[in-house]
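First comes the structure, then the notes that go with it.
The values are calculated or read from the model by the stated rules, or taken from the named source; none is laboratory data. Keep in mind it's a predicted model, so treat the numbers as computed, not measured. Note that each Cβ is placed from the backbone with ideal geometry, even for glycine, and that neighbours are counted across all protein chains shown. The area values use the complete protein model at the heavy-atom level, side chains included, leaving out ligands, DNA and RNA. Shrake-Rupley method; radii C 1.70, N 1.55, O 1.52, S 1.80 Å.
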Amino acid sequence: MKGYIAFTKKEFMEYFRSYKLLIILLVFLLLGFMNPISAKYLPQLVESFLPAGMRMDIPEPVIADAWTQFFKNVPQIGLVVMVIMSSGVVSQELGRGTLLPVLTKGLKRKAVWLSKFTGVALLWSIGYYLAFAVTFFYSFLFWDKTTVPELGPAIFFAWLFGLLLLSMVLLGSTMSKSYAGGLLLAGVVVLAGMLMSMLHGISRYSPVRLASENMSLIDGTLKAKEFLPAAAVAAALMVAAVLAGIVLFDKKQL
Amino acid sequence: MDTLVVQGVKKRFGQNEVLRGVELAVPRHSVYGLIGQNGAGKTTTMRIILGLLAQDAGEVYVCGERVKYGETKTNRYVGYLPDVPEFYGFMTPEEYLRLCGRISGMDLSQIKEKSGELLELSGLKESRKKRIGGFSRGMKQRLGIAQALLNSPRLLICDEPTSALDPVGRKEILDILEQVKEKTTVIFSTHILSDVERICDSVAILNDGIIIQDGNLEELKTRHLIDTMIVELRRPDDMQGLLKKLEGVKVSRQNKVSLVIHAKDIYTVQHRLLHMLADGQIAVEKLEIREPSLENLFMEAVK
Amino acid sequence: MDALREYLPVLLPVIIIELALAVTALVHVLRHPRYKIGNRVLWVIVVLFVQIIGPVAYFVFGREDS
């Protein structure tokens, strides 16, 4: 346990000193600001650039538009940045041999892998909820009516999808010697999820739904409990990825 | 009691039999040199001692406890310096030692005291707040020793600690190892024989996966036969005549003025030679019975 | 001009963050002579002219590990 805490601290020192933390904070902060701003002002901007004489019926922007932007940007651009950042975290340590001294000092291999996962999961959570908080409070300034239905579940599901993807990145990074492993496995999972979504019978189990259909929750067409099968699948897959990662990592000859 | 005992350890990688029954007994407070050519099995032996690799047969005991593959408890007695140690470049030596200390379960005041002491010993006190990323190889090697000694190990294992270094860096490492031998048993592998002669009191020669010679360095040398004499003449002209007189003795000529004589009973030959030199009024620059060096020993052993 | 005056307060945080990213990356590029891939000129251009993604790409792919 002491080793796990010490190594997790080391992970965060690394994020801080290698600028990873800074980038994640700035990118998610930016995404957070952009959502309400583009929802509120983009229509006006479009209007002012329309050629004279042409008229377009642009509906008055509402707060739901800010959340549309949120779910378009954060689980995509934000998550892609996060995935790229964490694609080498296990393979790099294995490749460089930096683990040899700490492992012979008695650090458990499990602790190493769990520290890595804790690190990326926390980094994702910090970024994600930072973007959420900024969007939430900025929207508060722009609109009078600020409540939307099922915001909580919608936010939670996209976050869960992010965790699933990151666990896959780490598993891929444990299996391969380069950055590519993590990216590849995450890509495969997304692709498989998209395929599942297309097949009528099993589409409700596809984890990809968690990050792609959040607006149906906000505009009230779907209820949170209809997402539960997908959430269960995502959680199960994530736990499986973590266990597989630990087992694989344990077997690595150093 | 011996600090480290290795009994009949065998290991194969695929078709390649790397260790064929290694036997070692390292007494307490000795500096033990494990000598061998590249590929002789030195690193494999060390990794098995550390529980990083599983042996196919045989047992290893550290301080009387059996080593198990994986997370072996015996590692609490051991400090390990890998051949090319790699650290986190974004950390400073101080921070790195703190991390290692926390991992091995030391409390903060203990870590502070011990790491201060070790940074001093390894000559990194000035650089203790600089990032490791900018360190030279020698500095990293010294930090590696500090890291290995942090938990006051009873056995310090160094894998080729000097091989990748320049002469200055090598001397620094050897000086450190010489200092720590009062407190801990040191075993280090190398193929640089002069390093062994400088600091080791016992050696084992590993060749082709088996220990072919081992024991106290001085004893090994005396056990070895003294059979070589070097003669250097003043004038090249005298050479021909002398060679003729020495017929029947095993002689190899080095150059115009010097020759090497091999004989089982080298002192009798020396006696005869002195007569010849006196009779022929041959001027001699040098006459030397060669002490067996580790190099001879090694060359002969691996032949 | 009016449009600019109207939008500026709203866009200010966005501009500040983008500048912060670009400047941090630029300082890092100029202070370090070696990169994992690419050279200094390339990274200066990328960092300054490709918004957001430029600095991110530099820190992930260009920055030499210390």
Given (1) modelled with pLDDT of 85 or more; (2) closer than 30 Å to A:Ser178 by Cβ; (3) surrounded by 17 or more Cβ atoms within 10 Å (Cβ to Cβ), number of the condition C:Arg63 does not satisfy
(1)
Output the qualifying pairs, or none if there are none: Cβ atoms under 9 angstrom, residues six or more apart or on different chains, first residue in segment B:217-240 and farther than 15 Å from B:Leu287 by Cβ, second residue of a type in the set (Phe, Trp, Tyr) and loosely packed, with under 14 Cβ neighbours inside 10 Å.
none
Across segment B:96-126, the tally of residues that are closer than 27 Å to B:Glu178 by Cβ and surrounded by fewer than 19 Cβ atoms within 10 Å (Cβ to Cβ) stands at 11
Count, please, the residues in segment A:96-113 that happen to be in contact with a Gly (Cβ under 9 Å, 6 or more places away or on another chain) and more than 7 Å from every other protein chain (Cβ to nearest Cβ).
4
Being over 30 Å from B:Gln147 (Cα atoms), of a type outside the set (Ser, Thr, Tyr) and touching a helix residue (DSSP H, G or I) at 6+ places or on another chain (Cβ under 7 Å) is the requirement here; does B:Gln240 meet it?
no
Which residue, of A:Ala235, A:Ala241, is of a type in the set (A, V, I, L, M), surrounded by 15 or more Cβ atoms within 10 Å (Cβ to Cβ) and in a helix (DSSP H, G or I)?
A:Ala241
What helices (runs of 4 or more DSSP H) lie completely within segment A:22-114 and have 2 or more residues being of a type outside the set (Lys, Arg) and open to solvent by 40 Å² or more (accessible area, probe 1.4 Å)?
A:63-73, A:79-86, A:89-96
Of all residues in segment B:178-193, count the ones that are open to solvent by 30 Å² or more (accessible area, probe 1.4 Å) and modelled with pLDDT of 90 or more.
0
What's the number of the condition A:Ser48 fails, among (1) more than 30 Å from B:Thr43 (Cβ to Cβ); (2) touching a residue at least 24 places away in the same chain (Cβ under 8 Å); (3) within 7 Å of another protein chain (Cβ to nearest Cβ); (4) of a type outside the set (A, V, I, L, M, F, W, C)?
(2)
Among (1) farther than 15 Å from A:Thr174 by Cα; (2) open to solvent by less than 30 Å² (accessible area, probe 1.4 Å); (3) in contact (Cβ under 8 Å) with a residue 24 or more places away in the chain; (4) in a helix (DSSP H, G or I), which single condition is A:Ile246 missing?
(1)
Between a residue in segment B:17-35 that is assigned by TED's automatic domain parsing to the domain that holds B:Ser202 and any residue that is of a type in the set (Phe, Trp, Tyr) and not in a strand (DSSP E or B), which pairs come within a Cβ distance under 9 Å, given they are 6 or more apart or on different chains?
B:Ile35/B:Phe298
Residue, nearest to the other protein chains (Cβ to nearest Cβ), within segment B:81-95, restricted to residues that are surrounded by 22 or more Cβ atoms within 10 Å (Cβ to Cβ) and not in a loop (DSSP other than H, G, I, E, B):
B:Leu81
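Pick out the one residue from B:Gln147, B:Gln141 that is within 14 Å of chain A (Cβ to nearest Cβ) and more than 20 Å from B:His29 (Cα to Cα). I'd like the intermediate steps shown before the answer.
Working: B:Gln147 fails: more than 20 Å from B:His29 (Cα to Cα).
Step by step, each of B:Gln147, B:Gln141 is checked, and only B:Gln141 is within 14 Å of chain A (Cβ to nearest Cβ) and more than 20 Å from B:His29 (Cα to Cα).
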With the checklist (1) open to solvent by 10 Å² or more (accessible area, probe 1.4 Å); (2) part of a helix (DSSP H, G or I); (3) out of contact with any Leu (no Cβ under 8 Å at 6 or more places or on another chain); (4) over 27 Å from B:Ile103 (Cβ atoms) in hand, flag the one item B:Leu174 doesn't pass.
(1)
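Taking the stated definitions as given, is A:Leu166 in a loop (DSSP other than H, G, I, E, B) and not aromatic (Phe, Trp, Tyr)? Break it down into steps so the answer makes sense when it comes.
Values: in a loop (DSSP other than H, G, I, E, B): no; not aromatic (Phe, Trp, Tyr): yes.
Criteria not met by A:Leu166.
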B:Gly134 passes all but one of (1) at pLDDT 90 or above; (2) surrounded by fewer than 22 Cβ atoms within 10 Å (Cβ to Cβ); (3) within 14 Å of chain C (Cβ to nearest Cβ); which number fails?
(1)
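Rundown of residues vs (1) among the aromatic types (Phe, Trp, Tyr); (2) modelled with pLDDT under 90, yes/no style:
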position	(1), (2)
A:Leu123	no, no
A:Ile126	no, no
A:Tyr138	yes, yes
A:Glu150	no, yes
A:Phe161	yes, no
Strands (runs of 3 or more DSSP E) enclosed by segment B:1-80 - at least 3 residues per element that are open to solvent by less than 20 Å² (accessible area, probe 1.4 Å):
B:2-13, B:16-27, B:31-35
When you check A:Leu122 against the structure, is it more than 14 Å from chain B (Cβ to nearest Cβ), over 28 Å from B:Cys158 (Cβ atoms), touching a Gly at 6+ places or on another chain (Cβ under 6 Å) and of a type outside the set (Phe, Trp, Tyr), yes or no?
no
What pairs come out if I take residues in segment B:159-174 that are of a type in the set (Ser, Thr, Tyr) and pair them with residues that are crowded, with 19+ Cβ neighbours inside 10 Å whose C-beta lies under 6 Å away, six or more apart or interchain?
B:Thr162/B:Arg170; B:Thr162/B:Ile173; B:Thr162/B:Asp195
Checked against (1) within 13 Å of chain A (Cβ to nearest Cβ); (2) part of a helix (DSSP H, G or I), B:Gly116 satisfies every condition except (1)
